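Written out below as structure tokens is the structure these notes cover.
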Amino acid sequence: MNMILAVMYREFRIRATGFVWIFFDLVMPLVYLSLFGVGLDKAMAAGVATEGARLSYQTFFLAGVLSMACFGIAINTSYGFFVDRDNGIFYEFLTYPMTRGQFLIGKIVFNCLLALVQSVITISFSVLLLEIPMQWHLTGLTLIGIIVGTAGWFFFLSMLALRIRRSDVYNTVLNIAYFVLMFASSMFYPLDSMPRWLHTLSLLNPLTWHTDGLRYATIGVGNVETIMIEAAAFGVFCLISFWLAVRTLYNVVVK
């Protein structure tokens, strides 16, 4: 436990030294919601039809913003592996008396807490200023979705960051993957309105599973059976990503 707390404290110190990091982690979701949600809500006066309900676009997009924010925190944290590897701290840190799992868990616990703070700020803004109706009795599911989503994407991206040796290659792979994952998902628009081929691709996208779960937990929209299947699939994705990240971390060290 002391090793996990030490990793968490280091993550806190990294964030505390730069205002830009704090801005992107805590405030950027509000920028997305304001620019895309409010802007498109005015352009789409008729709202968005999904799962038999008609919603304002900003209400529909809230879950997408929360999902995007979890992904963003995972990106920022996984990229830190390159910084640590360049200055030599990465290898020195792993000589400490802790397991690879403790190293990854320490990072993700801090970032899950950060994601929760970020989500509270975003949801408070949405309710107080945008009057988005929240399903408060499902708040527990929302918090679980934020934690599991941040963890899953962090482990997946960490595995890529540890395997790829050059930061420019990682950025290229990440930008392409992020573009495909975002726009082939239910983040910006309902799956019902997609072409058949894109609809099928989106159903296989973990970002769709995460976004759909958060949409049900925040505004109560979605088919319960489908949400349960997607939640189980994302849980498997999270466990596999953790296993791969630990194995990759071990292989990087011994080589």
- Item | Segment VAL180-HIS137, extension gain: residue separation times 0.36 nm, minus the distance between their alpha carbons | 12.1 nm
- Item | For TYR216, net neighbour charge (Lys/Arg +1, Asp/Glu -1) across residues whose Cβ lies under 12 Å away | -3
- Task: Would you mind checking the tilt of helix 224-254 against the longest principal axis of the Cα atoms of the chain, expressed as 0 to 90 degrees and rounded to 10?
- Result: 20
- Item | Sum of -39500 (n - 2.57) over DSSP H runs of 4+, divided by residues of the chain (222 nm, nearest 500) | -24500 deg cm²/dmol
- Item | Karplus-derived HN-Hα couplings along segment 64-81 (A = 6.51, B = -1.76, C = 1.60, θ = phi - 60°), whole Hz, x at Gly and Pro | x, 5, 4, 5, 4, 5, 4, 5, x, 4, 4, 5, 4, 6, 5, 5, x, 4
- segment 2-254: relative contact order from alpha carbon pairs under 8 Å, six or more residues apart, as a whole percent, is 26
- Task: Rounded to the nearest Å, what's the spacing between the alpha carbon centres of segment 198-252 and segment 93-168? Just the number, please.
- Result: 14
- Query: From the residues LEU55, ALA74, LEU33, which one has its Cα farthest along the dipole of the chain in the positive direction, the dipole being from +1 and -1 charges on Cβ of Lys/Arg and Asp/Glu about the Cα centre?
  - Reply: ALA74
- Select from segment 75-169 those trypsin sites (Lys or Arg not before Pro) which occupy a DSSP coil region and have at most 11 other Cβ atoms within 10 Å, ordered by residue number. ARG165, ARG166
- Signed unit charges on C-beta, dipole axis of segment 2-254, positive-most listed residue THR226, TYR189, LEU204: LEU204
- Message: Is the C-alpha gyration tensor of segment 104-255 telling us rounded, prolate or oblate? Criteria: a/c under 1.5 is rounded; beyond that, a/b larger than b/c is prolate, otherwise oblate.
- Response: prolate
- Query: Pick from ALA151, ALA53, ALA233: which residue has the top mean-square fluctuation in a GNM of the chain where Cα pairs under 10 Å get a spring?
  - Reply: ALA53
- Can you pull the three principal axis extents for the Cα set of segment 2-254, in Å, largest first? 58, 37, 33
- Task: Please name whichever of VAL83, ILE240, ILE176 sits farthest to the positive end of the charge dipole of segment 2-254, dipole taken about the Cα centre and charges placed at Cβ: Lys and Arg +1, Asp and Glu -1.
- Result: VAL83
- About its Cα centre, the chain carries a charge dipole, from +1 on Lys and Arg Cβ atoms and -1 on Asp and Glu Cβ atoms, whose size in debye to the nearest 20 is 680
- Message: Cut-off is 10 Å between beta-carbons; in what order do ILE240, ILE105 appear when sorted fewest neighbours first?
- Response: ILE240, ILE105
- Note on the structure: Computed ³J(HN,Hα) along segment 128-134: with the Karplus parameters 6.51/-1.76/1.60, θ = phi - 60°, integer Hz and x for glycine or proline, the list is 6, 9, 9, 6, 6, x, 9
- Message: Quick check: residue separation of GLU225 and TRP243 times 0.36 nm, minus the Cα distance between them. What number comes out in nm?
- Response: 3.7 nm
- Message: Taking θ = phi - 60°, what integer Hz values does the Karplus form 6.51 cos²θ - 1.76 cosθ + 1.60 yield along segment 215-223, in sequence order, with x for Gly and Pro?
- Response: 5, 5, 5, 8, 10, x, 9, x, 7
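Kindly put ASP168, ASP25, ASP192, ASP212 in sequence by how many other C-beta atoms sit within 10 Å of each C-beta, fewest to most.
Ordered from fewest to most neighbouring Cβ atoms within 10 Å, ASP168, ASP25, ASP192, ASP212 come out as ASP168, ASP192, ASP25, ASP212.
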- Note on the structure: Residues whose built amide H sits under 5 Å from the amide H of SER56, excluding neighbours closer than 5 in sequence, are VAL48
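Values in this text are rule-based calculations from the coordinates and carry no lab data. The structure presented is a predicted model; accordingly, all values stated were derived computationally and were not measured. Every residue, glycine among them, receives a Cβ derived from its backbone with ideal geometry; neighbour counts consider all protein chains shown.
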